[in-house]
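Below: one structure, written as structure tokens.
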Amino acid sequence: MKQGFIGFGNLANAVYRGLKEDRSFDFAYFARSKKDVDLHFFEHLDSLVSYADVIWLAVKPQDLGGILEQLKNCDLSDKTIVSPVAGKSIAYIERYLGKDITIVRIMPNLAMAYKASVTAFHTNHPENDKADRIFNLLGKLGKAVKLEEGGFDLFTSVFGSGPAFILAFIKTFKDKIQEFDLPGSVLDELLLELTRGTTLYFMQNQKDYSIEELIKNITSKGGTTQAGLEYFQSHKISKHFEGVLDAARNRSEELSKNGDCNKAT
Ligand SMILES: NC(=O)c1ccc[n+]([C@@H]2O[C@H](COP(=O)([O-])OP(=O)(O)OC[C@H]3O[C@@H](n4cnc5c(N)ncnc54)[C@H](OP(=O)(O)O)[C@@H]3O)[C@@H](O)[C@H]2O)c1
């Protein structure tokens, strides 16, 4: 399957890095300028379109309209369009390209480069094999999940912005352990091991135990964890944290409506 990227910035790079060892794919791109990368560069959009089976719209939201204006004059029969563009619906793309063409809207994150993205998927032609092939491709880049388009704003807040929120939590831990008087890089290493260990603990046990049970296993009656968790509950920390996710989702909804969606994550 020939993958053609329109735009070759952070997102296209991450897809390319995640898939380049896979011999079933070939890659090329078109952008405003040639990049220092080892895949073919087309100077004209229509040449990339002729080459590619799958066309990735890897441009910022504010540049999408201009690209679609050009694309609508190209022969797109048998092509699949993949859009990771935040806040731009399938209906928006159909307005330029029509409803017959297979369009896949995704919301990934840059961990695609390490095959560890969590990616939402929606298509206007679920009956079509071409859409299934993209779903399988996304599965090679981490976990892919089929989602109604209405869920994309919440998904963006949890899985797009989520890494920043988890890091903000870890930062609180880091601020707290400053008093150990160790270099910042050592503190980072310790916290990295803490999160790695926690993730492994979750990973090894998630089939057999709920998150509540996993927390319970760490909590001795009358011990330190219990004291901390009681504070967590009595101060409604979970409720406050939900507020963080709601704020991000609301912002995503606003940005989709007012077209200022280049800042969506
Ligand atoms: N970055 C993320 O974490 C992330 C996550 C999920 C979704 N997304 C979505 O992915 C899309 C791309 O994001 P990004 O972070 O990869 O952006 P980026 O790094 O700014 O890359 C954008 C690319 O678009 C190219 N471009 C812009 N206008 C063009 C035009 N008229 N013709 C040809 N190429 C054009 C640029 O080319 P030049 O470099 O030559 O100017 C650049 O290579 C966005 O819509 C974003 O919402 C991104």
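Those residues that are without any contact (Cβ under 8 Å) to a residue 60 or more places away in the chain and touching a strand residue (DSSP E or B) at 6+ places or on another chain (Cβ under 6 Å), I need them from the range 65-84; list them, please.
K79, T80, I81, V82, S83
Could you look through the range 93-113, keep only residues that are under 18 Å from A58 (Cβ atoms) and open to solvent by 40 Å² or more (accessible area, probe 1.4 Å), and pick out the one that is nearest to the chain's Cα centre (by Cα)?
Selected residue: L110.
Being in contact (Cβ under 8 Å) with a residue 40 or more places away in the chain, open to solvent by 80 Å² or more (accessible area, probe 1.4 Å) and outside the structural domain of V85 (by TED's automatic domain parsing), is that true of even one residue in the range 252-265?
yes
Tally up the residues in the range 68-80 that are under 25 Å from the mean Cα position of the chain (by Cα), within 12 Å of the ligand (Cβ to nearest atom) and open to solvent by 20 Å² or more (accessible area, probe 1.4 Å), please.
Of the residues in that region, 0 qualify.
Taking the condition of being more than 13 Å from the ligand (Cβ to nearest atom) and free of Cβ contacts under 8 Å to residues at least 40 places away in the same chain, how many residues in the range 85-95 meet it?
Qualifying residue count for the region: 3.
Can you spot a residue in the range 168-177 that is outside the structural domain of E242 (by TED's automatic domain parsing) and of a type in the set (A, V, I, L, M, F, W, C)?
Looking for residues that are outside the structural domain of E242 (by TED's automatic domain parsing) and of a type in the set (A, V, I, L, M, F, W, C), one finds none in the range 168-177, hence no.
I need the full set of residues from the range 96-116 which are over 13 Å from L147 (Cα atoms), outside any helix (DSSP H, G or I) and touching a residue at least 40 places away in the same chain (Cβ under 8 Å), in order please.
N109, K115
List pairs: first residue in the range 133-153 and closer than 22 Å to K115 by Cβ, second residue of a type in the set (A, V, I, L, M, F, W, C) and part of a loop (DSSP other than H, G, I, E, B) anywhere in the structure, Cβ distance under 6 angstrom, at least six positions apart or on different chains.
Sorted first by the residue in the range 133-153, then by its partner, the pairs are G142/A116.
Look through the range 4-57, keep the residues that are of a type in the set (F, W, Y) and under 18 Å from I93 (Cβ atoms), and return whichever of them is most open to solvent (accessible area, probe 1.4 Å).
F30
Among what's in the range 213-236 and is β-branched (V, I, T) and under 32 Å from the mean Cα position of the chain (by Cα), pick the residue that is modelled with the highest pLDDT.
I215
Failed condition for K60, given (1) within 8 Å of the ligand (Cβ to nearest atom); (2) of a type outside the set (F, W, Y); (3) buried (at least 21 other Cβ atoms within 10 Å of the Cβ), with all others met?
(3)
Does the range 138-145 contain any residue that is open to solvent by less than 100 Å² (accessible area, probe 1.4 Å), charged (D, E, K, R) and not assigned by TED's automatic domain parsing to the domain that holds R249?
yes
Would you mind stating whether N124 is within 25 Å of P61 (Cβ to Cβ), assigned by TED's automatic domain parsing to the domain that holds K88 and either open to solvent by 70 Å² or more (accessible area, probe 1.4 Å) or not aromatic (F, W, Y) (or both)?
Judged against the criteria, N124 is a match.
The values are calculated or read from the model by the stated rules, or taken from the named source; none is laboratory data. Just so we're clear, the structure is a prediction, and the values are computed from it rather than from any experiment. Cβ coordinates were reconstructed from backbone atoms using ideal geometry, including for glycine residues, and neighbour counts include every protein chain displayed. Quick note on the areas: whole protein, heavy atoms, side chains included, nothing else; ligands and nucleic acids left out. Shrake-Rupley method; radii C 1.70, N 1.55, O 1.52, S 1.80 Å.
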